[in-house]
1. Can you go through A:Phe74, A:Phe67 and tell me which one is of a type in the set (Phe, Trp, Tyr), more than 30 Å from B:Pro8 (Cα to Cα), in a strand (DSSP E or B) and touching a Leu at 6+ places or on another chain (Cβ under 6 Å)?
2. Among the candidates B:Leu43, B:Leu76, single out the residue that is in contact (Cβ under 8 Å) with a residue 40 or more places away in the chain and within 19 Å of A:Val93 (Cα to Cα).
3. Name every residue in region A:51-71 that is in contact with a Phe, Trp or Tyr (Cβ under 6 Å, 6 or more places away or on another chain) and modelled with pLDDT of 95 or more, in order of residue number.
4. Among (1) in contact with a Cys (Cβ under 8 Å, 6 or more places away or on another chain); (2) in a loop (DSSP other than H, G, I, E, B), which single condition is B:Met32 missing?
5. Filter region B:82-105 for residues that are in contact with a Ser or Thr (Cβ under 6 Å, 6 or more places away or on another chain) and not charged (D, E, K, R); which is farthest from the other protein chains (Cβ to nearest Cβ)?
6. Can you tell me which of B:Asn50, B:Asn17, B:Asn26 is of a type in the set (S, T, N, Q) and within 14 Å of chain A (Cβ to nearest Cβ)?
7. Contact list please: Cβ distance under 8 Å, first residue in region B:97-114 and assigned to a strand (DSSP E or B), second residue of a type in the set (Asp, Glu), pairs at least six apart or on different chains.
8. Please go through region A:21-51 and pick out each residue that is among the hydroxyl-bearing types (Ser, Thr, Tyr) and more than 10 Å from every other protein chain (Cβ to nearest Cβ).
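The values are calculated or read from the model by the stated rules, or taken from the named source; none is laboratory data. Predicted model only: the values in this text are computed from it and were never measured. Here the Cβ positions follow ideal geometry from the backbone for every residue, glycine too, while neighbour counts run over all protein chains shown.
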Amino acid sequence: AQSVAQPEDQVNVAEGNPLTVKCTYSVSGNPYLFWYVQYPNRGLQFLLKYITGDNLVKGSYGFEAEFNKSQTSFHLKKPSALVSDSALYFCAVGNQAGTALIFGKGTTLSVSS
Amino acid sequence: DTAVSQTPKYLVTQMGNDKSIKCEQNLGHDTMYWYKQDSKKFLKIMFSYNNKELIINETVPNRFSPKSPDKAHLNLHINSLELGDSAVYFCASSQRTSGVVEQFFGPGTRLTVL
């Protein structure tokens, strides 16, 4: 069965510092990995995905993620955090049939000024 | 233009009532989904429809019945509402024929059962 784990409930970072939000996955077959962001009282916004190809994936709003097959990780990164990046971040894996996303429990990112 | 829209945004109702949530997408996608986000923000797939046909039905009580009148619409009807149904319900869509691709989410419907 496909699953993802987000080991941190909350990540705190100062504005201007680099940020990392961690995600590890467990899949049978090829991993199809996604990051979404949810702002308060809003829907989920797609940030980036890894299907195949380069291990470093660039996405929206300056975010990127590094796919590491040996460590089964797909950590979300940004070189310089903004206060406006404060939100709830979800890692997800697509099931093999492409019929659903399986989400991690989410990580709250708090960026202080 | 809103890509995936849901109505209503908020729904407050009494236990035992029947209610519906509507979803529409204007992206031309062939697959639509319903997800439930509980009070701890955990997201779980409920249903998945491809070209108006049900392809996923997770372990959801049969009080929940999705209906897809056409590819652009997926409505969720809930009978005999219970306190535990209180949650945020998200509709999403994707183009499944393109493979495993990102899903686009609606703004959510916050259901409160009193």
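1. Values: A:Phe67 fails: touching a Leu at 6+ places or on another chain (Cβ under 6 Å).
Criteria check complete, one pass: A:Phe74.
2. Numbers: B:Leu76 fails: within 19 Å of A:Val93 (Cα to Cα).
From the options B:Leu43, B:Leu76, the qualifying one is B:Leu43.
3. First pass over region A:51-71, keeping only residues in contact with a Phe, Trp or Tyr (Cβ under 6 Å, 6 or more places away or on another chain): A:51, A:55, A:57, A:65, A:67.
Correct list: A:Val57, A:Ala65, A:Phe67.
4. (2)
5. Within region B:82-105, the first condition is being in contact with a Ser or Thr (Cβ under 6 Å, 6 or more places away or on another chain), and the residues that meet it are B:86, B:89, B:94, B:96, B:101, B:103-104.
Still in the running and not charged (D, E, K, R): B:86, B:89, B:94, B:101, B:103-104.
Numbers: B:Ser86: 16, B:Tyr89: 11, B:Ser94: 8, B:Val101: 8, B:Gln103: 6, B:Phe104: 7 Å.
The extreme case among them is B:Ser86.
6. On the way: B:Asn17 fails: within 14 Å of chain A (Cβ to nearest Cβ); B:Asn26 fails: within 14 Å of chain A (Cβ to nearest Cβ).
One residue alone meets the criteria, B:Asn50.
7. Hits for this filter: B:Leu111/B:Asp85; B:Val113/B:Glu82; B:Val113/B:Asp85.
8. Residues of region A:21-51 among the hydroxyl-bearing types (Ser, Thr, Tyr): A:24-26, A:28, A:32, A:36, A:39, A:50.
Passing the criteria: A:Thr24, A:Tyr25, A:Ser26, A:Ser28, A:Tyr39, A:Tyr50.
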